[in-house]
Amino acid sequence: MAEIFRMRLILTAAVIVLGAATAPSMVEGRIRHYKWEVRYEFKSPDCFKKLAITINGATPGPTIVADQGDTVVVELKNSLLTENVAIHWHGIRQIGTPWMDGTEGVTQCPILPGQTFVYKFVVDRPGTYLYHAHYGMQREAGLYGSIRVSLPEGQSEPFAYDYDRSIILTDWYHKSTYEQAAGLSSIPFVWVGEPQSILIQGKGRFDCTTPGIESGRCNATNPECVPYALTVVPGKTYRLRVGSLTALAALSLEIEGHNMTVVESDGHYVEPFVVKNLFIYSGETYSVLITANQNPSRNYWLSAKVVSRNSTTPNGLAVFNYYPNHPRRSPPTAPPAGPRWDDVAARESQSAAVKSHRGYIHTPPQKSDRVITMLNTQNRQHGRVRWSVNNVTYNLPHTPYLIAYKHNLTGAFDQTPPPEGYDEASYDIYSVAKNVNATASDGAYRLKFNTTVDIILQNANTMNVNNSESHPWHLHGHDFWVLAHGAGKFNWSRDAGKFNLVDPIMKNTVVVHPFGWTALRFRADNPGVWAFHCHIESHFYMGMGVVFEEGVERLGNLPKSIMGCVAH
(Lines give C-alpha, C1' and ligand atoms only; values in the text may rest on other atoms or scores of the structure.)
Protein backbone atom coordinates (compact mmCIF):
# COMPACT_ATOMS: atom_id res chain seq x y z
CA MET A 1 0.00 0.00 0.00
CA ALA A 2 2.79 2.40 0.92
CA GLU A 3 4.52 1.75 -2.42
CA ILE A 4 1.29 2.39 -4.35
CA PHE A 5 0.84 5.63 -2.40
CA ARG A 6 4.39 6.71 -3.16
CA MET A 7 3.97 5.99 -6.88
CA ARG A 8 0.76 8.01 -6.99
CA LEU A 9 2.60 10.95 -5.43
CA ILE A 10 5.38 10.69 -8.01
CA LEU A 11 2.89 10.43 -10.88
CA THR A 12 0.94 13.38 -9.54
CA ALA A 13 4.07 15.54 -9.27
CA ALA A 14 5.05 14.56 -12.80
CA VAL A 15 1.64 15.45 -14.22
CA ILE A 16 1.61 18.81 -12.42
CA VAL A 17 5.06 19.62 -13.79
CA LEU A 18 3.73 18.99 -17.29
CA GLY A 19 1.04 21.57 -16.65
CA ALA A 20 -2.08 19.65 -15.61
CA ALA A 21 -4.00 22.03 -13.38
CA THR A 22 -6.24 19.29 -11.97
CA ALA A 23 -3.42 16.95 -10.93
CA PRO A 24 -3.75 17.39 -7.13
CA SER A 25 -7.10 15.57 -7.23
CA MET A 26 -5.21 12.39 -8.21
CA VAL A 27 -3.47 12.26 -4.84
CA GLU A 28 -4.89 9.75 -2.42
CA GLY A 29 -5.67 12.31 0.25
CA ARG A 30 -8.20 14.74 1.58
CA ILE A 31 -8.72 18.36 0.62
CA ARG A 32 -8.14 20.60 3.64
CA HIS A 33 -9.95 23.89 3.05
CA TYR A 34 -9.21 27.07 5.01
CA LYS A 35 -10.87 30.45 4.64
CA TRP A 36 -8.76 33.27 6.02
CA GLU A 37 -9.13 37.02 6.32
CA VAL A 38 -5.94 38.99 6.91
CA ARG A 39 -6.47 42.26 8.74
CA TYR A 40 -4.96 44.64 11.28
CA GLU A 41 -6.16 44.52 14.88
CA PHE A 42 -4.91 45.98 18.13
CA LYS A 43 -3.29 43.20 20.15
CA SER A 44 -1.41 42.98 23.45
CA PRO A 45 0.57 39.73 23.18
CA ASP A 46 3.15 40.98 25.73
CA CYS A 47 0.73 43.35 27.57
CA PHE A 48 1.78 46.31 25.36
CA LYS A 49 -0.95 47.28 22.89
CA LYS A 50 0.02 47.70 19.23
CA LEU A 51 -1.29 46.97 15.76
CA ALA A 52 -0.74 43.38 14.65
CA ILE A 53 -1.55 41.57 11.42
CA THR A 54 -3.99 38.78 12.22
CA ILE A 55 -5.66 35.86 10.47
CA ASN A 56 -9.34 35.67 11.38
CA GLY A 57 -8.56 37.95 14.30
CA ALA A 58 -5.74 35.86 15.79
CA THR A 59 -1.95 35.77 15.90
CA PRO A 60 -0.45 33.20 15.60
CA GLY A 61 -2.87 32.17 12.87
CA PRO A 62 -4.67 28.82 12.64
CA THR A 63 -2.53 25.68 12.60
CA ILE A 64 -2.83 23.82 9.30
CA VAL A 65 -3.28 20.12 10.13
CA ALA A 66 -3.04 17.60 7.30
CA ASP A 67 -1.82 14.14 6.35
CA GLN A 68 0.86 13.37 3.80
CA GLY A 69 -0.66 13.58 0.32
CA ASP A 70 -3.47 15.93 1.31
CA THR A 71 -4.25 19.02 -0.75
CA VAL A 72 -4.33 22.26 1.23
CA VAL A 73 -6.54 25.05 -0.09
CA VAL A 74 -6.31 28.46 1.57
CA GLU A 75 -8.76 31.10 0.40
CA LEU A 76 -7.06 34.30 1.52
CA LYS A 77 -8.78 37.68 1.59
CA ASN A 78 -6.52 40.71 2.03
CA SER A 79 -8.38 43.16 4.30
CA LEU A 80 -5.31 45.25 5.19
CA LEU A 81 -6.85 48.16 3.21
CA THR A 82 -3.57 49.90 2.42
CA GLU A 83 -1.07 47.03 2.11
CA ASN A 84 -0.36 44.14 -0.23
CA VAL A 85 0.25 40.68 1.18
CA ALA A 86 1.69 37.26 0.26
CA ILE A 87 2.10 34.12 2.37
CA HIS A 88 4.96 31.64 2.04
CA TRP A 89 4.44 27.98 2.99
CA HIS A 90 7.81 27.46 4.63
CA GLY A 91 9.24 23.96 4.10
CA ILE A 92 6.59 22.88 1.58
CA ARG A 93 8.56 22.24 -1.60
CA GLN A 94 5.69 23.05 -4.00
CA ILE A 95 6.64 20.28 -6.42
CA GLY A 96 4.76 21.12 -9.60
CA THR A 97 3.16 24.24 -8.09
CA PRO A 98 6.01 26.78 -7.88
CA TRP A 99 3.50 29.62 -8.34
CA MET A 100 2.03 28.74 -4.92
CA ASP A 101 5.28 29.33 -2.98
CA GLY A 102 3.94 32.70 -1.85
CA THR A 103 7.08 34.76 -2.38
CA GLU A 104 6.18 38.20 -3.68
CA GLY A 105 8.53 39.33 -6.45
CA VAL A 106 9.79 35.79 -7.03
CA THR A 107 6.81 33.48 -7.64
CA GLN A 108 3.78 35.78 -7.63
CA CYS A 109 2.50 39.32 -7.72
CA PRO A 110 1.30 40.48 -4.31
CA ILE A 111 -2.32 40.12 -3.24
CA LEU A 112 -3.80 43.62 -3.42
CA PRO A 113 -6.03 45.18 -0.73
CA GLY A 114 -9.55 43.81 -1.00
CA GLN A 115 -8.43 40.97 -3.24
CA THR A 116 -8.97 37.26 -2.56
CA PHE A 117 -6.31 34.78 -3.67
CA VAL A 118 -6.54 30.98 -3.49
CA TYR A 119 -3.41 29.02 -2.55
CA LYS A 120 -3.62 25.32 -3.47
CA PHE A 121 -0.82 22.81 -2.97
CA VAL A 122 -0.05 19.23 -1.92
CA VAL A 123 1.78 18.47 1.33
CA ASP A 124 3.89 15.62 0.01
CA ARG A 125 5.69 14.45 3.14
CA PRO A 126 5.17 14.42 6.91
CA GLY A 127 6.87 16.85 9.25
CA THR A 128 6.80 20.18 11.02
CA TYR A 129 6.53 23.29 8.85
CA LEU A 130 5.55 26.95 9.06
CA TYR A 131 3.77 29.66 7.14
CA HIS A 132 4.39 33.40 7.25
CA ALA A 133 4.10 36.66 5.36
CA HIS A 134 6.62 37.15 2.55
CA TYR A 135 5.93 40.77 1.68
CA GLY A 136 8.05 43.57 3.11
CA MET A 137 8.60 42.94 6.83
CA GLN A 138 5.03 41.84 7.63
CA ARG A 139 6.09 38.53 9.17
CA GLU A 140 7.20 40.25 12.35
CA ALA A 141 3.84 42.05 12.63
CA GLY A 142 2.16 38.76 13.54
CA LEU A 143 1.28 37.09 10.23
CA TYR A 144 2.50 33.53 10.81
CA GLY A 145 1.47 30.05 11.95
CA SER A 146 2.24 26.31 12.04
CA ILE A 147 1.79 23.49 9.56
CA ARG A 148 1.65 19.96 10.97
CA VAL A 149 1.73 17.10 8.46
CA SER A 150 1.19 13.56 9.78
CA LEU A 151 1.79 10.18 8.20
CA PRO A 152 -1.23 8.50 6.60
CA GLU A 153 -3.18 6.21 8.90
CA GLY A 154 -1.48 2.86 9.43
CA GLN A 155 2.07 4.16 8.98
CA SER A 156 4.39 4.75 11.94
CA GLU A 157 7.34 6.94 12.82
CA PRO A 158 10.65 5.76 14.27
CA PHE A 159 9.79 7.04 17.76
CA ALA A 160 6.85 6.79 20.14
CA TYR A 161 4.90 9.42 22.05
CA ASP A 162 1.51 9.86 23.66
CA TYR A 163 0.54 13.38 22.58
CA ASP A 164 1.50 15.85 19.85
CA ARG A 165 1.86 19.60 20.56
CA SER A 166 3.15 22.60 18.59
CA ILE A 167 4.60 25.95 19.64
CA ILE A 168 6.09 28.85 17.70
CA LEU A 169 8.80 31.09 19.11
CA THR A 170 8.96 34.69 17.92
CA ASP A 171 10.44 37.99 18.99
CA TRP A 172 8.25 41.05 19.27
CA TYR A 173 8.92 44.73 18.61
CA HIS A 174 6.79 47.64 19.75
CA LYS A 175 7.74 49.80 16.77
CA SER A 176 5.80 49.24 13.56
CA THR A 177 7.44 47.54 10.60
CA TYR A 178 7.06 50.86 8.73
CA GLU A 179 9.25 52.66 11.29
CA GLN A 180 11.78 49.83 11.20
CA ALA A 181 11.94 49.71 7.40
CA ALA A 182 12.30 53.49 7.20
CA GLY A 183 15.21 53.37 9.66
CA LEU A 184 16.96 50.56 7.79
CA SER A 185 16.68 52.49 4.52
CA SER A 186 17.63 55.91 5.84
CA ILE A 187 20.81 57.96 5.95
CA PRO A 188 21.94 57.97 8.70
CA PHE A 189 21.11 54.31 9.31
CA VAL A 190 18.75 53.50 12.20
CA TRP A 191 19.04 49.90 13.39
CA VAL A 192 15.89 48.09 14.61
CA GLY A 193 17.57 47.28 17.93
CA GLU A 194 16.82 44.36 20.20
CA PRO A 195 13.22 43.10 20.43
CA GLN A 196 11.15 44.11 23.45
CA SER A 197 9.86 40.58 24.14
CA ILE A 198 10.13 36.92 23.23
CA LEU A 199 6.74 35.35 22.55
CA ILE A 200 6.00 31.67 23.11
CA GLN A 201 2.94 30.68 21.07
CA GLY A 202 2.07 34.36 20.75
CA LYS A 203 2.35 35.23 24.45
CA GLY A 204 4.99 37.16 26.36
CA ARG A 205 5.31 39.68 29.16
CA PHE A 206 6.74 43.17 28.89
CA ASP A 207 7.44 45.14 32.05
CA CYS A 208 4.66 47.76 32.09
CA THR A 209 6.54 49.76 34.73
CA THR A 210 9.26 50.60 32.19
CA PRO A 211 9.75 54.41 32.22
CA GLY A 212 8.39 56.38 29.28
CA ILE A 213 5.43 54.13 28.43
CA GLU A 214 2.41 56.07 27.26
CA SER A 215 -0.43 55.94 29.79
CA GLY A 216 -2.91 53.16 29.08
CA ARG A 217 -0.66 51.53 26.48
CA CYS A 218 0.53 48.66 28.68
CA ASN A 219 -1.69 46.61 30.99
CA ALA A 220 -0.08 43.80 33.00
CA THR A 221 -3.50 42.35 33.90
CA ASN A 222 -4.63 41.97 30.27
CA PRO A 223 -5.68 38.32 29.77
CA GLU A 224 -4.06 38.41 26.30
CA CYS A 225 -0.62 38.29 27.90
CA VAL A 226 -1.19 35.53 30.45
CA PRO A 227 1.84 33.23 29.94
CA TYR A 228 1.28 30.30 27.62
CA ALA A 229 0.77 27.02 29.50
CA LEU A 230 1.70 23.65 28.01
CA THR A 231 -0.35 21.18 30.05
CA VAL A 232 1.06 17.66 30.48
CA VAL A 233 -0.14 14.50 32.21
CA PRO A 234 2.43 12.95 34.59
CA GLY A 235 4.21 9.97 33.12
CA LYS A 236 3.24 10.70 29.50
CA THR A 237 5.66 11.46 26.63
CA TYR A 238 5.04 14.47 24.41
CA ARG A 239 6.20 15.29 20.94
CA LEU A 240 6.74 19.03 21.03
CA ARG A 241 7.05 20.56 17.58
CA VAL A 242 9.02 23.78 17.93
CA GLY A 243 9.25 26.35 15.15
CA SER A 244 11.11 29.66 15.21
CA LEU A 245 9.94 32.67 13.22
CA THR A 246 11.95 35.31 15.02
CA ALA A 247 12.72 38.51 13.13
CA LEU A 248 16.23 38.71 14.60
CA ALA A 249 16.97 36.48 17.58
CA ALA A 250 18.59 33.07 17.77
CA LEU A 251 17.13 31.27 20.78
CA SER A 252 17.88 28.61 23.36
CA LEU A 253 14.77 26.72 24.50
CA GLU A 254 14.86 25.01 27.88
CA ILE A 255 12.27 23.21 30.01
CA GLU A 256 13.27 23.39 33.64
CA GLY A 257 14.32 20.00 35.01
CA HIS A 258 13.53 18.07 31.80
CA ASN A 259 15.70 16.68 29.03
CA MET A 260 14.62 16.84 25.39
CA THR A 261 15.34 14.18 22.77
CA VAL A 262 15.67 15.66 19.28
CA VAL A 263 13.90 13.41 16.71
CA GLU A 264 12.96 15.57 13.71
CA SER A 265 14.13 18.73 12.02
CA ASP A 266 12.61 20.52 9.02
CA GLY A 267 10.57 17.44 8.08
CA HIS A 268 13.38 14.86 8.37
CA TYR A 269 13.93 12.27 11.09
CA VAL A 270 17.04 12.83 13.19
CA GLU A 271 19.20 10.14 14.77
CA PRO A 272 17.97 10.85 18.32
CA PHE A 273 20.18 12.83 20.69
CA VAL A 274 19.48 14.39 24.08
CA VAL A 275 19.82 18.08 24.93
CA LYS A 276 19.16 20.18 27.99
CA ASN A 277 18.54 23.23 25.85
CA LEU A 278 17.67 23.39 22.17
CA PHE A 279 19.32 26.04 20.00
CA ILE A 280 16.96 27.14 17.26
CA TYR A 281 17.35 29.78 14.55
CA SER A 282 14.73 31.68 12.58
CA GLY A 283 13.09 29.44 9.98
CA GLU A 284 14.04 26.15 11.66
CA THR A 285 11.68 23.53 13.08
CA TYR A 286 12.45 20.69 15.47
CA SER A 287 10.47 17.93 17.12
CA VAL A 288 11.64 16.98 20.60
CA LEU A 289 10.33 14.25 22.91
CA ILE A 290 9.75 15.21 26.53
CA THR A 291 8.58 12.83 29.25
CA ALA A 292 6.66 14.37 32.16
CA ASN A 293 8.74 12.47 34.74
CA GLN A 294 9.43 15.13 37.39
CA ASN A 295 7.66 15.92 40.67
CA PRO A 296 4.00 16.29 39.59
CA SER A 297 2.96 18.47 42.52
CA ARG A 298 4.33 21.63 40.88
CA ASN A 299 4.75 23.40 37.54
CA TYR A 300 8.01 24.14 35.73
CA TRP A 301 9.36 26.95 33.57
CA LEU A 302 9.63 26.77 29.82
CA SER A 303 12.16 29.44 28.86
CA ALA A 304 13.44 30.90 25.58
CA LYS A 305 16.63 32.95 25.80
CA VAL A 306 18.33 35.09 23.15
CA VAL A 307 21.76 33.75 22.18
CA SER A 308 24.36 34.87 19.64
CA ARG A 309 23.62 38.51 20.49
CA ASN A 310 24.41 40.42 23.68
CA SER A 311 20.72 41.20 23.98
CA THR A 312 18.78 43.22 26.52
CA THR A 313 15.60 41.25 25.74
CA PRO A 314 14.32 39.31 28.77
CA ASN A 315 13.78 35.57 28.42
CA GLY A 316 10.44 34.46 27.07
CA LEU A 317 8.62 32.40 29.69
CA ALA A 318 5.80 29.86 29.55
CA VAL A 319 4.53 27.33 32.08
CA PHE A 320 5.15 23.60 31.71
CA ASN A 321 1.97 22.68 33.56
CA TYR A 322 1.64 19.32 35.29
CA TYR A 323 -2.03 18.35 35.43
CA PRO A 324 -3.99 18.83 37.70
CA ASN A 325 -2.03 21.90 38.90
CA HIS A 326 -3.58 25.17 37.77
CA PRO A 327 -1.96 26.38 34.52
CA ARG A 328 -1.47 29.86 36.00
CA ARG A 329 0.29 28.55 39.09
CA SER A 330 3.82 29.91 38.93
CA PRO A 331 6.69 27.47 39.45
CA PRO A 332 8.28 27.85 42.92
CA THR A 333 11.75 28.31 41.44
CA ALA A 334 13.50 31.02 39.47
CA PRO A 335 13.48 30.47 35.70
CA PRO A 336 16.62 28.78 34.32
CA ALA A 337 19.32 31.28 33.39
CA GLY A 338 20.17 29.50 30.13
CA PRO A 339 23.55 29.30 28.37
CA ARG A 340 25.90 32.21 27.84
CA TRP A 341 24.86 34.27 24.83
CA ASP A 342 28.38 34.06 23.35
CA ASP A 343 28.97 30.32 23.86
CA VAL A 344 29.48 29.58 20.17
CA ALA A 345 31.02 26.17 20.89
CA ALA A 346 27.76 24.83 22.35
CA ARG A 347 25.81 25.97 19.29
CA GLU A 348 28.39 24.49 16.92
CA SER A 349 28.22 21.22 18.87
CA GLN A 350 24.46 20.94 18.33
CA SER A 351 24.86 21.71 14.62
CA ALA A 352 27.38 18.86 14.33
CA ALA A 353 25.10 16.46 16.25
CA VAL A 354 22.17 16.64 13.81
CA LYS A 355 22.40 13.58 11.54
CA SER A 356 19.81 11.63 9.55
CA HIS A 357 18.05 8.81 11.35
CA ARG A 358 19.73 5.52 10.39
CA GLY A 359 16.55 4.10 8.92
CA TYR A 360 15.77 7.22 6.85
CA ILE A 361 19.03 8.25 5.23
CA HIS A 362 18.80 9.97 1.85
CA THR A 363 22.33 9.51 0.57
CA PRO A 364 23.58 12.66 -1.16
CA PRO A 365 25.19 12.65 -4.60
CA GLN A 366 28.86 12.04 -3.99
CA LYS A 367 29.96 14.85 -6.30
CA SER A 368 28.57 18.20 -7.35
CA ASP A 369 28.33 19.72 -10.81
CA ARG A 370 28.70 23.32 -9.65
CA VAL A 371 30.04 25.16 -6.61
CA ILE A 372 28.81 28.61 -5.63
CA THR A 373 30.62 30.30 -2.74
CA MET A 374 28.67 33.06 -0.98
CA LEU A 375 30.55 35.54 1.18
CA ASN A 376 28.11 37.20 3.60
CA THR A 377 29.17 40.76 4.39
CA GLN A 378 27.79 44.03 5.66
CA ASN A 379 28.37 46.91 3.25
CA ARG A 380 27.35 50.34 2.07
CA GLN A 381 25.56 51.06 -1.18
CA HIS A 382 25.01 54.71 -2.10
CA GLY A 383 25.60 55.55 1.57
CA ARG A 384 22.99 53.13 2.92
CA VAL A 385 23.89 50.16 5.12
CA ARG A 386 23.18 46.89 3.30
CA TRP A 387 23.95 43.18 3.50
CA SER A 388 25.61 41.57 0.52
CA VAL A 389 26.58 38.27 -1.06
CA ASN A 390 29.95 38.44 -2.84
CA ASN A 391 29.78 42.23 -2.59
CA VAL A 392 26.41 42.39 -4.38
CA THR A 393 23.33 43.50 -2.46
CA TYR A 394 20.02 42.11 -3.66
CA ASN A 395 16.88 43.98 -4.75
CA LEU A 396 13.57 42.37 -5.70
CA PRO A 397 12.30 43.31 -9.19
CA HIS A 398 8.77 44.56 -9.81
CA THR A 399 7.92 41.67 -12.15
CA PRO A 400 8.17 38.27 -10.41
CA TYR A 401 11.00 36.13 -11.79
CA LEU A 402 8.76 33.13 -12.46
CA ILE A 403 6.57 35.20 -14.79
CA ALA A 404 9.54 36.97 -16.39
CA TYR A 405 11.37 33.72 -17.19
CA LYS A 406 8.27 31.91 -18.44
CA HIS A 407 7.23 34.78 -20.72
CA ASN A 408 10.81 35.76 -21.70
CA LEU A 409 10.53 39.28 -20.29
CA THR A 410 14.27 39.95 -20.48
CA GLY A 411 13.92 43.59 -19.50
CA ALA A 412 12.25 42.77 -16.18
CA PHE A 413 15.54 42.30 -14.31
CA ASP A 414 19.31 42.29 -14.78
CA GLN A 415 20.28 39.39 -17.07
CA THR A 416 23.84 39.37 -15.72
CA PRO A 417 24.14 36.55 -13.16
CA PRO A 418 25.57 37.36 -9.71
CA PRO A 419 29.19 36.40 -8.96
CA GLU A 420 29.84 32.78 -7.96
CA GLY A 421 32.63 33.54 -5.52
CA TYR A 422 34.94 36.16 -4.06
CA ASP A 423 38.68 36.80 -3.81
CA GLU A 424 39.30 34.04 -1.29
CA ALA A 425 43.06 34.40 -1.37
CA SER A 426 43.21 38.01 -0.22
CA TYR A 427 39.95 38.61 1.68
CA ASP A 428 40.39 38.76 5.46
CA ILE A 429 37.17 37.51 7.07
CA TYR A 430 38.33 38.68 10.51
CA SER A 431 38.62 42.37 9.64
CA VAL A 432 36.35 45.14 8.42
CA ALA A 433 36.68 45.19 4.63
CA LYS A 434 39.13 47.73 3.21
CA ASN A 435 36.41 48.85 0.80
CA VAL A 436 32.93 48.40 2.27
CA ASN A 437 31.07 49.68 -0.81
CA ALA A 438 28.85 47.17 -2.63
CA THR A 439 26.92 47.13 -5.89
CA ALA A 440 23.21 46.31 -6.22
CA SER A 441 21.59 43.79 -8.56
CA ASP A 442 18.41 41.80 -9.12
CA GLY A 443 20.17 39.21 -11.30
CA ALA A 444 19.54 35.50 -10.69
CA TYR A 445 21.55 32.27 -10.79
CA ARG A 446 20.39 29.93 -13.58
CA LEU A 447 20.93 26.29 -12.66
CA LYS A 448 21.03 23.48 -15.20
CA PHE A 449 18.05 21.25 -14.48
CA ASN A 450 18.69 18.07 -12.49
CA THR A 451 22.28 18.98 -11.65
CA THR A 452 23.87 18.89 -8.20
CA VAL A 453 24.86 22.23 -6.68
CA ASP A 454 27.12 22.94 -3.71
CA ILE A 455 26.72 26.17 -1.78
CA ILE A 456 29.50 27.32 0.55
CA LEU A 457 28.17 30.00 2.89
CA GLN A 458 31.03 32.03 4.35
CA ASN A 459 30.61 34.44 7.24
CA ALA A 460 32.88 37.43 7.69
CA ASN A 461 33.35 40.50 9.87
CA THR A 462 30.63 43.15 9.75
CA MET A 463 31.44 46.85 9.53
CA ASN A 464 31.98 46.76 13.30
CA VAL A 465 35.39 45.66 14.58
CA ASN A 466 35.57 42.06 15.91
CA ASN A 467 31.96 41.34 15.07
CA SER A 468 30.39 38.55 13.05
CA GLU A 469 26.79 37.41 13.26
CA SER A 470 24.80 34.17 13.00
CA HIS A 471 22.81 33.92 9.77
CA PRO A 472 20.10 31.29 9.22
CA TRP A 473 19.77 30.68 5.48
CA HIS A 474 16.52 29.29 4.05
CA LEU A 475 16.07 27.70 0.62
CA HIS A 476 12.63 27.68 -1.00
CA GLY A 477 11.47 24.75 -3.11
CA HIS A 478 14.08 22.26 -1.87
CA ASP A 479 15.67 20.44 0.99
CA PHE A 480 19.46 20.38 1.01
CA TRP A 481 22.03 18.14 2.61
CA VAL A 482 24.06 19.86 5.33
CA LEU A 483 27.52 18.54 4.51
CA ALA A 484 29.57 20.34 7.16
CA HIS A 485 30.06 23.36 9.39
CA GLY A 486 33.47 24.85 10.12
CA ALA A 487 35.27 27.75 11.78
CA GLY A 488 37.34 30.32 9.92
CA LYS A 489 37.70 30.65 6.16
CA PHE A 490 36.60 27.70 4.05
CA ASN A 491 39.43 26.06 2.12
CA TRP A 492 38.35 23.55 -0.50
CA SER A 493 41.48 21.39 -0.45
CA ARG A 494 41.44 21.21 3.36
CA ASP A 495 37.71 21.26 4.22
CA ALA A 496 36.00 19.27 1.46
CA GLY A 497 37.39 16.15 3.11
CA LYS A 498 35.24 16.94 6.16
CA PHE A 499 31.99 16.65 4.17
CA ASN A 500 29.57 14.10 5.56
CA LEU A 501 28.48 12.11 2.51
CA VAL A 502 27.16 9.18 4.57
CA ASP A 503 24.30 10.35 6.81
CA PRO A 504 23.96 14.15 6.56
CA ILE A 505 20.67 15.67 7.67
CA MET A 506 18.44 17.26 5.07
CA LYS A 507 17.01 20.66 5.99
CA ASN A 508 15.53 23.76 4.40
CA THR A 509 17.12 26.23 6.85
CA VAL A 510 20.65 26.14 8.24
CA VAL A 511 22.77 28.46 10.35
CA VAL A 512 26.14 29.92 9.46
CA HIS A 513 28.01 30.56 12.71
CA PRO A 514 30.04 33.75 13.38
CA PHE A 515 33.36 33.77 11.50
CA GLY A 516 32.45 30.32 10.17
CA TRP A 517 31.22 28.49 7.09
CA THR A 518 28.49 26.01 6.22
CA ALA A 519 28.52 23.69 3.20
CA LEU A 520 25.30 22.38 1.68
CA ARG A 521 24.33 20.40 -1.42
CA PHE A 522 21.05 20.15 -3.33
CA ARG A 523 19.59 18.85 -6.56
CA ALA A 524 18.19 21.45 -8.96
CA ASP A 525 15.27 19.16 -9.74
CA ASN A 526 12.17 21.27 -8.98
CA PRO A 527 11.14 23.42 -11.97
CA GLY A 528 10.58 27.00 -10.87
CA VAL A 529 12.30 30.07 -9.43
CA TRP A 530 13.30 29.87 -5.77
CA ALA A 531 14.52 32.37 -3.20
CA PHE A 532 17.53 31.60 -1.00
CA HIS A 533 18.04 34.14 1.75
CA CYS A 534 18.92 34.96 5.32
CA HIS A 535 15.78 34.42 7.41
CA ILE A 536 16.50 37.39 9.67
CA GLU A 537 13.80 39.82 8.56
CA SER A 538 15.92 42.98 8.53
CA HIS A 539 18.87 41.25 6.84
CA PHE A 540 16.79 40.03 3.89
CA TYR A 541 15.16 43.45 3.66
CA MET A 542 18.69 44.90 3.51
CA GLY A 543 19.71 42.71 0.58
CA MET A 544 20.93 39.38 2.01
CA GLY A 545 19.51 36.95 -0.51
CA VAL A 546 19.72 35.46 -4.01
CA VAL A 547 17.40 33.67 -6.44
CA PHE A 548 17.83 30.38 -8.34
CA GLU A 549 16.07 29.49 -11.62
CA GLU A 550 15.82 25.90 -12.77
CA GLY A 551 13.76 24.17 -15.46
CA VAL A 552 11.09 26.86 -15.92
CA GLU A 553 10.68 25.73 -19.54
CA ARG A 554 9.27 22.44 -18.20
CA LEU A 555 6.29 24.16 -16.61
CA GLY A 556 2.88 24.45 -18.24
CA ASN A 557 0.90 27.68 -18.37
CA LEU A 558 1.13 29.82 -15.26
CA PRO A 559 -2.11 30.63 -13.40
CA LYS A 560 -3.49 34.07 -14.27
CA SER A 561 -4.16 34.68 -10.57
CA ILE A 562 -0.44 35.26 -9.88
CA MET A 563 -0.07 37.98 -12.54
CA GLY A 564 -1.86 40.95 -11.00
CA CYS A 565 1.17 43.27 -11.33
CA VAL A 566 2.13 42.36 -14.91
CA ALA A 567 0.67 43.70 -18.14
CA HIS A 568 -0.45 40.64 -20.10
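The values are calculated or read from the model by the stated rules, or taken from the named source; none is laboratory data. Since we're looking at a predicted model, the values are computed, not measured. Cβ: placed from backbone, ideal geometry, glycine included. Neighbour counts: every protein chain shown. Heads up: the accessible areas ignore ligands, DNA and RNA and are worked out on the full protein's heavy atoms, side chains in. Shrake-Rupley method; radii C 1.70, N 1.55, O 1.52, S 1.80 Å.
Points to keep in mind about this one:
- Neighbours of residue 39 by Cβ distance under 11 Å: Lys/Arg scored +1, Asp/Glu scored -1, total -2.
- The chain, accessible area per residue, ligands and nucleic acids excluded (1.4 Å, Å²): 39
- Efficiency of FRET from Cβ geometry, residue 213 and residue 363, R₀ 60 Å, rounded to 0.05: 0.60
- Förster-model FRET efficiency, 60 Å R0, residue 408 and residue 334, C-beta, rounded to 0.05: 0.40
- Scaled against 2.2 N^0.38 Å for its residue count N, the alpha carbon radius of gyration of the stretch 370-497 is 1.15.
- DSSP H segments from the chain that extend 18 Å or more along their own axis, Cα-based, with Kyte-Doolittle mean of 1.6 or above: 2-17
- Exposed trypsin sites (Lys or Arg not before Pro) absent: longest stretch of the chain, with sites in DSSP loops and at most 10 other Cβ within 10 Å deemed exposed: 1-366
- Straight-line cross-link reach from residue 355 at under 26 Å between alpha-carbon atoms covers these lysines, not counting any fewer than eight positions away in the same chain: 276, 305, 367, 489, 498, 507.
- Taking each residue as 0.36 nm, the span from residue 451 to residue 77 lengthens on full extension beyond its C-alpha to C-alpha distance by 130.8 nm.
- Among 158, 561, 353 - extreme Cα towards positive end, dipole of the chain, charges at beta-carbon: 158
- In Hz, Karplus ³J(HN,Hα) per residue of the stretch 304-311 (6.51, -1.76, 1.60; θ = phi - 60°; x = Gly, Pro): 10, 10, 6, 10, 6, 9, 7, 8
- Extension gain (nm, one decimal) between residue 434 and residue 35, 0.36 nm per residue minus Cα-Cα: 138.3 nm
- ³J(HN,Hα) computed for each position of the stretch 226-240 - Karplus, 6.51 cos²θ - 1.76 cosθ + 1.60, integer Hz, glycine/proline x: 5, x, 4, 10, 9, 8, 10, 9, x, x, 8, 10, 10, 8, 9
- Normalised contact order of the stretch 162-313, rounded percent, pairs of Cα under 8 Å and 6 or more residues apart: 27
- Eligible lysines near residue 43 by straight Cα distance, threshold 22 Å, same-chain separation 8 or greater: 35, 77, 175, 203
- C-alpha center-to-center spacing [the stretch 282-342, the stretch 99-178] in angstrom: 24
- Mean Cα-pair separation over length for the stretch 112-172, i.e. relative contact order, pairs under 8 Å, 6 or more apart, %: 30
- Computed E for residue 155/residue 326 - FRET, C-beta separation, R0 30 angstrom, nearest 0.05: 0.20
- Alpha carbon Rg of the stretch 264-404, scaled by the compact-globule rule 2.2 N^0.38 Å: 1.49
- Only alpha carbons enter this Debye calculation for the stretch 353-394, each as an equal point scatterer, and the log10 of I(q)/I(0) it gives at q = 0.29, 0.30 Å⁻¹ is -0.97, -1.00.
- Here is the short version for the chain: 534 have no other Cys C-beta closer than 4.7 Å.
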